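Step one of this worksheet: look at the structure below.
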Amino acid sequence: MTNKSDFTEQEWEVVREGPPIAGLIAATASSGGTFRETWALAKSFAEARQHHGESELLDALVAEKPHAKRYGSSQELEQQGLERLAEAIGLLEQKASADEVESYRRFTLAVAEHVAEAHKEGGTSISADERQALDAIAATVNSSSRRP
């Protein structure tokens, strides 16, 4: 089992920022209710805490307040955020088991989807812009040196 102590402080910061970055990318993909979307991000972490014990890595991740670096624009957030997310996946592939990496991927995507669904736009739960952002997040977290 992998936990926080298996990472340097800088590495842990990268891993820890992944899910909130994914949520922020989804939240800024289209205009909408940032309050609801921010609330959905926090709620995703709170709900994950209820599954304590399934993964030491996720337990350590959700035990901390969601935090992500501030970006100057939504374009910067998407570009640099996806790079940061890819870096987190790479670190996890080096240090964590395949199951733990997969759990991190699922959690990160779930956070982004939960945020995207938090505010209906144009009568749909997920707008076309949000769907495009979710697809970019999925492509990033699912890219891997381990996968065939």
Answer with yes or no whether residue 81 is open to solvent by less than 60 Å² (accessible area, probe 1.4 Å), touching a Lys or Arg at 6+ places or on another chain (Cβ under 9 Å) and either outside any helix (DSSP H, G or I) or touching a residue at least 24 places away in the same chain (Cβ under 8 Å) (or both).
yes
Candidates 115, 111, 141 - the one that is among the β-branched types (Val, Ile, Thr) and under 18 Å from residue 51 (Cβ atoms)
111
Within the range 68-110, work out how many residues are within 11 Å of the chain's Cα centre (by Cα) and of a type in the set (A, V, I, L, M).
8
Count - residues of the range 105-122 that are open to solvent by 60 Å² or more (accessible area, probe 1.4 Å) and free of Cβ contacts under 8 Å to residues at least 60 places away in the same chain:
3
Quick check: is even one residue across the range 111-126 assigned to a loop (DSSP other than H, G, I, E, B), farther than 14 Å from residue 23 by Cα, under 15 Å from the mean Cα position of the chain (by Cα) and not aliphatic (A, V, I, L, M)?
no
Residues in the range 8-20: is at least one under 14 Å from residue 62 (Cα atoms), open to solvent by 20 Å² or more (accessible area, probe 1.4 Å) and outside any loop (DSSP other than H, G, I, E, B)?
yes
So residue 102, is it within 21 Å of residue 45 (Cβ to Cβ), surrounded by fewer than 21 Cβ atoms within 10 Å (Cβ to Cβ) and modelled with pLDDT of 95 or more:
no
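The values are calculated or read from the model by the stated rules, or taken from the named source; none is laboratory data. The structure displayed is predicted, hence computed values, not measured ones. Heads up, the Cβs are rebuilt from the backbone with ideal geometry, glycines too, and the neighbour counts pull from every protein chain shown. Note: accessible area is taken over every heavy atom of the protein model, side chains too, but ligands, DNA and RNA are not part of it. Shrake-Rupley method; radii C 1.70, N 1.55, O 1.52, S 1.80 Å.
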